[in-house]
Amino acid sequence: MKDGDLILVTDMQNVYTKGQPWACLDTEGASRRILGLCNKVEESDKAVDIAITKFMPPRDPYGTWKDYNILYKDINSNDWMNRLLPELETLAMRHQVYNKSVYSSMSIPMLRDAARWAGRVVLTGVVAECCVLFTAIDLIDMGCKLVYLTDACSGFTKEKEAATELVLKGLSPLHCLLMSTAEYEAE
């Protein structure tokens, strides 16, 4: 962990937990590691920022987002599914939470500015092969140095998680570093 880092917690919402419609492989484990990391950051003397995103359905959808809203209307209208995981609610009280209605977190101007000023963006959350990957690609295009925490991101399957990591490894080490939470904490 280095001064100037920005830890980005992506879409850790109830709908991605075990037994839910968009359950990811290890949302609960990723959540524990994210919370542990964020607690260590808050207790440290490092100047590390934390930001959290939530995916919320588009209000005025266009194009395929209209179809998305129709297909997933039951999920979109379920307040509980769209809430952050309970264990992350206290973290959300202490740090900025940004709502987004597209996959990439870089669609949020204030968060995009924060990422540009950060020494590195440390990427965590769900869904590895969707919102996390789209955010990673946008960060790389913006010229941001990216750290992808392999055990703090979760996808729908091991194969999809591995495919995401393979894409990002192809951009490493110049644009992206892949490491575990323990490796990041030990830096």
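Summary of computed values
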| quantity | calculated |
| --- | --- |
| Matching residues, region 32-65, being among the β-branched types (Val, Ile, Thr) and within 14 Å of the chain's Cα centre (by Cα) | Ile34, Ile50, Ile52, Thr53 |
| Enumerated helices (runs of 4 or more DSSP H) restricted to region 1-81, each holding at least 2 residues that are under 19 Å from Leu111 (Cβ atoms) and open to solvent by less than 50 Å² (accessible area, probe 1.4 Å) | 27-43 |
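The values are calculated or read from the model by the stated rules, or taken from the named source; none is laboratory data. It should be emphasised that the depicted structure is a prediction, and the values quoted were computed from it without experimental measurement. We place every Cβ from the backbone using ideal geometry, glycine too, and count neighbours over all the protein chains shown. The area values use the complete protein model at the heavy-atom level, side chains included, leaving out ligands, DNA and RNA. Shrake-Rupley method; radii C 1.70, N 1.55, O 1.52, S 1.80 Å.
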